[in-house]
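Every read-out reported here was derived from the displayed coordinates using simple, explicitly stated rules and does not represent laboratory data. Source: prediction; values computed, not measured. Because the Cβ atoms are built from the backbone with ideal geometry, glycine has one as well, and the counts that use them run over all protein chains shown.
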Amino acid sequence: MSKADLIVGLQWGDEGKGKIVDHMAQTHDYVCRFAGGHNAGHTIVIGDKKYALHLIPSGVLNPKAKNIVGNGVVISPKDFIKEMEQFGDLGGRLFLSDKAHILLPYHAMIDQARERMKGDKAIGTTGKGIGPAYGDKIARVGHRLGELLNPEKLTEKIMAYFKINASVFEAMGIETPDEKALLEELEGYKAVLAPFIMDTTQMLWKILDDHQKVLLEGAQGTMLDIDHGTYPYVTSSTTVSAGACSGLGLNPKDLGKVTGIAKAYCTRVGNGPFPSEDLGEEGDILRKNGHEYGTTTGRPRRCGWFDAVAMRHAVRVNGVDQVALMKLDVLDGFEEIKVCVAYEVDGQDIDYVPYDLEEATPVYQTFPGWDKTQGIRTFEALPKTAQSYILALEGMIGTKIGIISTSPERDDTIIR
Ligand code: GDP
Ligand code: IMO
Ligand code: MG
């Protein structure tokens, strides 16, 4: 029996998971998504082609890898089908859990209406309907992909759902769908997706029993986790390692090596605390050099310095075996580089993530910068100050930095 290797985001998402999953997919038979929905945006660059994946696992670009979307994911059939179209025939290479929940257009409308009503307290969601879809799942009023196989019955259930929630939907300005149009929409989804829907849990157990190599692809990041992130400024799923078990039907003993993905600095999209955010000129340089604009929504990402305190929290909660440090090249040209090494809360320095991160101000240590790391493929060829920066981070987070990435390109990757 083999064990499944795991990739998780250690910061606020967009760490570069897609690039590393694509890189590792070359030595794995299956790539599996376990959480999130089309709020995720994973970018992969191969030569002069750039792909943005939202729901389909990043193994899809490797013709030999097969792809599973697990029960922990919320699937918008409309967006999934659109994403599939760029890859031609995926028959035999793509499998969708019958237990994954369906995200429908009304979930996005509810998401957007709630955000509008929150005003300046808005979470800054992607507006894709993620919160309402997971909310329905937990409230036990959601619909699963398996139900798509019987569109008449599913239509009846959705119409009943609208009837029960009529007053709430009216207040939000959301109209009840036309029954006939809804049935047609669901039949259209079924026509495309039915061949891919199955019990992926049993399938995955057999794959592991057969000693095949499996890679589990996380979405979002640890600080966006529903329990372990900066609640309520989080997404609605379990983004950490534990989510890989529940989101695919695995048990903790099925997990192998955990690779945590982190940028050499920090970014966040949406609202909520971000202690090491740099609102000055240096933050702007990070945004410009790192092309820090969202893959899913195009929003500018908030930028700041590597946060070693949040990173230790993430390493522990995920059981990280090695860190992949991404976008080192974005720090090229800085004279000095800051790292948040502690937080000050109520006049005291602390070395852990407090209950309310909004209260924390960063305590920085400064490191000398370097000219150029872009495209470098061995650790020894990195400027000495870049090597020292990496070794210092390793010391602070107590985990090996086994992978270093120096450009978006698949092969500009240092394996130590
Ligand atoms: P994900 O959501 O974690 O998969 O990350 P995103 O794809 O949303 O954002 C990461 C961005 O950084 C993408 O545009 C990648 O192409 C890019 N990227 C990944 N690694 C590197 C790197 O080492 N250097 C640079 N400059 N860009 C990178
Ligand atoms: P990947 O997989 C970065 C953020 C949103 C918002 C919060 C809640 O590409 O790393 P949601 O729509 O999920 O209810 O929004 O979570 N968010 C992400 N930020 N990367 C992501 O995914 C994200 N998915 C959600 O910006 O702050
Ligand atoms: Mg992303």
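Key figures
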quantity	calculated
Most mobile listed residue (Lys372, Lys384, Lys180) in the chain, GNM with C-alpha springs under 10 Å	Lys180
Tail weight of P(r) past 29 Å, computed on alpha-carbon pairs of the chain, percent	44
Gap separating the Cα centres of segment 75-148 and segment 337-405, nearest whole Å	36
GNM top mover of Glu115, Glu185, Glu281 - the chain, alpha-carbon springs below 10 Å	Glu281
Chain lengthening between Met203 and Ala381 when straightened (0.36 nm per residue, less Cα-Cα)	59.7 nm
Only Lys, Arg (+1) and Asp, Glu (-1) charged, at Cβ; segment 101-195 dipole about Cα centre in debye	440
Dipole of the chain, positive direction: furthest Cα of Thr201, Phe34, Gln365, with charges on the beta-carbon	Thr201
Leading residue at positive end of dipole, the chain (Cβ point charges), from Leu286, Ser167, Ile130	Ile130
Mean ellipticity per residue at 222 nm, deg cm²/dmol - from DSSP H runs of n ≥ 4 across the chain, formula -39500 (n - 2.57)	-9000 deg cm²/dmol
Extension reserve of the Asp48-Ser246 stretch, reckoned as 0.36 nm per residue once the Cα distance is removed	67.6 nm
Residue order, fewest to most surrounding Cβ atoms within 10 angstrom, among Trp205, Trp305	Trp205, Trp305
Sites Glu156 and Leu90 - FRET efficiency at Förster radius 35 Å, r taken between beta-carbons, to 0.05	0.70
Hits among aspartates and glutamates - C-alpha to C-alpha of Lys384 under 18 Å, sequence gap 8 or more where chains match	Asp329, Asp332, Glu335, Glu336, Asp371, Glu394
Leading residue at positive end of dipole, the chain (Cβ point charges), from Leu96, Ser241, Ile44	Leu96
At R0 = 41 Å, FRET efficiency that the Cβ-Cβ distance of Lys78 and Ile350 yields, to 0.05	0.35
Size of electric dipole in the chain: Cβ of Lys, Arg +1 and of Asp, Glu -1, about Cα centre, debye, nearest 20	920
Shape call, segment 176-286: gyration tensor on alpha carbons, a/c limit 1.5	oblate
Solvent-free Debye scattering, log10 I(q)/I(0), computed from the Cα coordinates of segment 101-195 at q = 0.11, 0.22 Å⁻¹	-0.33, -1.20
Order of Ser246, Ser407 under a 10 Å beta carbon neighbour criterion, fewest first	Ser246, Ser407
Cβ-based exposure ranking for Phe367, Phe274, in which fewest neighbours within 10 Å come first	Phe367, Phe274
Cross-link pairs beyond the 30 Å C-alpha cut-off, checked among Lys17/Lys153; Lys137/Lys163; Lys121/Lys288; Lys49/Lys78; Lys78/Lys288; Lys128/Lys400	Lys17/Lys153; Lys78/Lys288; Lys128/Lys400
Of Ala310, Ala133, Ala194, the one that fluctuates the most in a GNM where the chain has Cα springs shorter than 10 Å	Ala194
Stretch gain in nm, segment Glu359-Glu187, where the contour uses 0.36 nm per residue and the Cα spacing is subtracted	56.9 nm
